[in-house]
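Read the figures in this text as sums done on the coordinates, not as results from a lab. This structure is a prediction, so every number in the text was calculated from the model and none was measured. Here the Cβ positions follow ideal geometry from the backbone for every residue, glycine too, while neighbour counts run over all protein chains shown.
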Amino acid sequence: MGSASQLARLAGTPHAETQRTQRKAAASTPKCVSLRASAGIIDTYLVADMSRRLPQNVSGTFFVDDTCIDCDACRQIAPTVFRDHGGQSSVYHQPSRNGELDLALKALITCPTASIGAPGQPAKSAVNAFPERIAENVYFNGYAHRSSFGAWSYLIVRNPGDGGNILIDSPRFASPLVKRIEELGGARLMFLTHQDDVADHERFADHFRLERIMHREDGAARLGVERVIDGEDDVRIDSDMVVIPTPGHTRGHCVLLFRKKFLFTGDHLAWSPERETLTAFRSVAWYSWPEQTRSMRKLLNYQFEWVLPGHGRIHHAPASEMHEHLKWCVDWMKSRR
């Protein structure tokens, strides 16, 4: 990741039922993803399997192996290096400039299934790059988790007097990331958008002694969540944050609005590259598309400039433009019933 403009590049969309199949397959064949950060060298056997290198990769140091689950993370982070060749990612251009190399290494670190290899490449800077600032006090955590299909998670950094730092969904509990979060002030809250993206929430809760927030309908009580949201009324957490229940993708899905500017949308809403507007994913409305349409319409009552999803692409525009994009999205969703 680099600038906010890099983070707001156009994107792909989730791939419906194949995601669940691929997620289960990846989870059943775990690989060690430890890195020798102190040495700053990536060992092939610790990251990706050279013997399983996909034939679609161009020759060179960086490669993707056949455990790729097509989560799109590497293509978002380093689009000049990684491509979608149809159901999986591969390297179509070896990084040839420092900027490309940095982004490719960050993609490697973020990859939830350790499917990217780059034997012999110094990696210490990428290992320690996350959380990485997107805008103002909002950061991308990298270190995606296989159980959430590589969903992106975020960190809001605030002074203790303002309520402290907030994790939005859970990244991998990786030591370099945890250390950097500690250096940024730790975390007091973790907001979980929905049941698919909880990942290592328990480990973060135990380590930071933070309070988790989640909706009852997505199993919050079963997961031991401390603050359970119920019903469909909006819930103000503090002067900065409002939780907005948005059922559709799942029964208990919620989004978080921060300072009337940053909307953390989980799997409810994202930017579409094909339409160049906001969109929702009909094929992964596991609970109810009509309910998701209805709850999307509710977001028209709010002002925001950023959409930061778990899956799909980030987008930033003036609030007035975002409102028009959202209106278009709602109308489109109604037509897709």
Label zone at Lys260 (point 7 Å along Cα-to-Cβ), backbone N below 17 Å, the range 318-337: 318-324
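Taking the range 208-248, which trypsin sites (Lys or Arg not before Pro) meet the DSSP loop condition and have no more than 15 other C-beta atoms within 10 Å?
On the way: sites: Arg209, Arg212, Arg216, Arg222, Arg227, Arg236; in loops: Arg209, Arg222.
Answer by residue number: Arg209, Arg222.
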Tilt relative to the chain, helix 16-28 - C-alpha long axis, 0 to 90 degrees, to 10: 50
Distance (nanometres) between label positions extended 7 Å along Cα→Cβ at Lys334 and Ser175: 5.6
Nearest-0.05 FRET efficiency for Arg275 and Asp234, computed from C-beta distance (R0 30 Å): 0.60
Reported label for calculated Rg and Dmax of the Cα atoms in Å given (i) 37.0, 111; (ii) 18.9, 55; (iii) 37.5, 117: (ii)
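Once the piece of chain linking Glu226 and Ser283 is laid out straight, how much longer is it, given 0.36 nm per residue of separation minus the C-alpha distance between them? Present the calculation step by step, with values, prior to reporting the outcome.
On the way: separation 57, 0.36 × 57 = 20.52 nm, distance 3.16 nm.
This chain segment gains 17.4 nm when fully extended.
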On Cα atoms only, tilt of 289-298 relative to the major axis of the chain in degrees: 70
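Compute the convex hull volume of the Cα atoms of the range 91-135, divide it by the residue count, and report the result per residue in Å³ as a whole number.
Numbers: hull volume 4.4 nm³, N = 45.
So the per-residue Cα hull volume is 98 Å³.
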Prolate/oblate/rounded call for the range 47-142, Cα gyration tensor, a/c under 1.5 rounded: prolate
The range 116-245 - Rg (one decimal) and Dmax (whole number), Cα, Å: 15.1, 53
Difference of contour (0.36 nm per residue) and Cα-Cα distance, Asp49 to Glu324: 94.4 nm
Whole-angstrom gap from the range 288-337 to the range 168-234, using each part's C-alpha centre: 24
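Within the set of other residues whose C-beta is less than 12 Å from the C-beta of Trp289, count the net charge using Lys and Arg as +1 and Asp and Glu as -1. Mind dumping the intermediate values first?
Working: positive: Arg282, Arg294, Lys334, Arg336, Arg337; negative: Glu291.
Taking every Cβ under 12 Å from that of Trp289, the sum is +4.
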Helix-only [θ]222 nm of the chain, DSSP H runs n ≥ 4, -39500 (n - 2.57) each, per residue, nearest 500: -7000 deg cm²/dmol
The range 194-242 shape via C-alpha gyration tensor axes, a/c threshold 1.5: oblate
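Starting from the Cα-Cα distance between Asn159 and Glu136, subtract it from 0.36 nm times their residue separation and give me the gain in nm to one decimal. It would help to have the intermediate numbers written out before the result.
Details: separation 23, 0.36 × 23 = 8.28 nm, distance 1.33 nm.
So the chain would gain 7.0 nm between Asn159 and Glu136.
Taking the range 235-324, how much of its Cα-Cα pair set, in percent, is spaced more than 23 angstrom apart?
Numbers: 606 of 4005 pairs.
Of all Cα-Cα distances in the range 235-324, 15 percent exceed 23 Å.
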Virtual spin-label span in nm between Asp84 and Ser125, 7 Å along Cα→Cβ: 3.0
